[in-house]
Amino acid sequence: MPPAALPPGLPSRRFGVRTLLLSAAFVLVAVPFLLLLLLVRDNSSALASLDAGARDSLHGYAVDHPAFVTAMEVVSFTGNSTTWWTVFVLIALWLLWRRLPRLATFVVLTALLSSLLNSVVKELVDRARPVLPDPVSHANGLSFPSGHAQAAVVGYGILILVFLPALREPWRRVAITGAALMVLTIGFSRVALGVHYMSDVAAGYILGLAWLVAMTAVFSAWRQERGLPPVQLREGLEPDQADLIALDHPTRPTAAPPQ
């Protein structure tokens, strides 16, 4: 059934809401991110001292505690690009099987463009990774912002936004709390392993959150253009498709839901 005709003036209002949300995402990333960048460039700043202190303290502990290093490597592995892309591809295929192409498109584009954005920013900033006398781990490429930290925010954010409609309380709070703890733990592991500064991780969090907000705003506008309500974050991206999103849905849908 085609969407109902839009009232006069509604497209312009939707464009205004979209512009406002995208502007908010830009401010969210621009102000703290540029401040971080300025402080990173200033080797005499308080941030530089904090970075060096965290690097040296955690490295000293890691050298003396091999089990700690192993635990941090396991955590870091769960947040690498190979792991995330395996998860995203499987989820996108599953969503397509459920005949939810809009959600599958959101998953793939949000993850892919986030990775490209991180690579571009790294090249522009061109910050080398920490140099340590007895490294416990190694990583290739540039340091700022942390790709693991950004991918953790975007990746767990995608999972929450996609699957939240299928969860009920108290499982929603459990999922959100668990995702937040994993994001923090992955970021910590990168500093603990000596392959990132604390400010790299903070920048990855900021950039990832801003990107997630921007893509959610675009997705919300897409829904509205199809005559559907805008996204309400507390309900996830597609609350009207909760039955199909549920992992325990018994069978593949026989008819495509409204997209």
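Observations on the structure shown:
- Of the residues Ser81, Ser143, Ser115, Ser189, the one with the fewest other Cβ atoms within 10 Å heads the list, and the complete ranking is Ser81, Ser115, Ser143, Ser189.
- Rounded, prolate or oblate (a/c below 1.5 giving rounded, otherwise prolate when a/b exceeds b/c) for the range 22-245 by Cα gyration tensor: prolate
- Cβ-to-Cβ counts within 10 Å put Thr78, Thr86 in ascending order as Thr86, Thr78, the fewest first.
- FRET efficiency, Thr70 to Arg226 (Cβ-Cβ, R0 35 Å, nearest 0.05): 0.10
- Computed about its Cα centre, the charge dipole of the range 22-245 is approximately 560 debye, with only Lys, Arg, Asp and Glu carrying charge at their Cβ.
- For the range 22-245, the relative contact order works out to 30 percent when only alpha carbon pairs closer than 8 Å and six or more residues apart are counted.
- Dipole of the range 62-165 [Lys/Arg +1, Asp/Glu -1 at C-beta], most positive-end residue of Phe77, Val162, Ala62: Val162
- Stretch gain in nm, segment Leu90-Val131, where the contour uses 0.36 nm per residue and the Cα spacing is subtracted: 11.1 nm
- When peptides 169-179, 195-205 are ranked by their average number of other Cβ atoms within 10 Å per residue, the highest-first order is 195-205, 169-179.
- Note: relative contact order over the range 61-174, using C-alpha pairs below 8 Å and six or more positions apart, is 27 percent.
Every number here is computed from the coordinates shown, using simple stated rules; none is lab data. Quantities reported herein were computed from a predicted structural model and do not represent experimental measurements. Positions of Cβ are backbone-derived with ideal geometry, glycine not excepted, and every protein chain shown enters the neighbour counts.
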